[in-house]
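To start, the structure itself, in structure tokens.
The values are calculated or read from the model by the stated rules, or taken from the named source; none is laboratory data. Here the structure is a predicted model, which is why all the values come from computation and not from measurement. FYI the Cβ positions are ideal-geometry reconstructions off the backbone, even for glycines, and counts take in every protein chain you see. Accessible surface areas use protein heavy atoms only, side chains included; no ligands, DNA or RNA. Shrake-Rupley method; radii C 1.70, N 1.55, O 1.52, S 1.80 Å.
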Amino acid sequence: MAAELSTSINIKEPRWDQSTFIGRAKHFFTVTDPRNILLTNEQLSHAHSIITDYRKGIVSPGLTEDELWRAKYVFDSAFHPDTEEKMILIGRMSAQVPMNMTITGCMMTFYKTTPAVLFWQWINQSFNAIVNYTNRSGDAPITVSQLGTAYVSATTGAVATALGLNALTKHVSPLIGRFVPFAAVAAANCINIPLMRQRELQHGIPITDENDNRLGESTKAAQQAISQVVVSRILMASPGMAIPPFLMNHLEKKAFLKVSKSCTLQDKTLVFATPLCCALFPQKSSMSVSRLEPELQEKIRASHPGVERVYFNKGL
């Protein structure tokens, strides 16, 4: 009979070393795997049960280490790391490739008229708002009013930016015009992400010591977390939106062919760009205590004098 699986495996952390880019890339290739969105509720519930039981020291009969890690990544793909609530399907990182492939392909094709720009930018920013909310940091509840205000301000600001950029390119070459969606996406990310996560900037996100002991909430940590996510998202969009314009400029003029070829290019680039850009910064980010708010520094030094760095979930 095979020996029972040890209960000492640390499944609070990813399977691969997160201090290296390669380790983080392996982690995010698993987290963003588009096949995860095809998992049924029964499969998600089964993974949830395995992980919940294992954390309590209960090992499912016959469970192997590989099966445990697979369950962990199924769990992580669908449940929020702080609240453990099941995430909205299209807001999960595993939905990024198919959703962005379709939306950005259409944005890069239908960019010449104001109604088309308005519609596809609204679709894109609505999708981004869902992703930003779904992958926020922290476990504080958000009211419907706060969420509605954040959504309206984020999408309105981002769409207005896109329309403004589109208006500036009326008299430039078609090739330059094709870069408008990327410029709009980059600018909109700088607006959408902070606004959808504005509660974190106002009230802070949970920070812990290296042993996961909660030390308080920090707005400085929230600023670093959101800045890192903005950079990752812009770079995530760049391969699929900065390279195809050169190729698409020579494609057939039929809209269907343009969409279809754009989607193919998007598919190939997003499959790699999404996990690699997520891996630029550790999911469990950190900062020196000396960079926190003065009052929080005093509190930590009084209650935990040996702590020099704090840790937090940056979100995605």
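Given the protein chains as shown and a 1.4 Å probe, how many square angstrom of MET196 are accessible, to the nearest 10?
Surface open to solvent at MET196 totals about 10 Å².
Which of the GluC sites (Glu not before Pro) found in segment 1-87 are in a DSSP loop and have at most 16 neighbouring Cβ atoms, other than their own, within 10 Å?
Those that pass, being in a loop and sparsely packed, are GLU4, GLU84, GLU85.
For segment 1-86, what does the relative contact order come out to in percent, with C-alpha contacts under 8 Å and a separation of six or more?
Relative contact order here is 36 percent.
Where does the Debye-calculated log10 I(q)/I(0) of segment 1-95 sit at q = 0.21 Å⁻¹, using only Cα point scatterers of equal weight, no solvent?
-1.12
Work from the charge dipole of segment 1-66 (Cβ charges, +1 for Lys and Arg, -1 for Asp and Glu, about the Cα centre) and give the residue of SER8, ILE51, PRO34 farthest towards its positive end.
Projecting each Cα onto the dipole axis, the largest value belongs to PRO34.
Can you list the aspartates and glutamates whose alpha carbon is less than 16 Å from that of LYS220, not counting same-chain residues fewer than 8 positions off?
The qualifying aspartates and glutamates are GLU200, ASP209, GLU293, GLU295, GLU298, GLU308.
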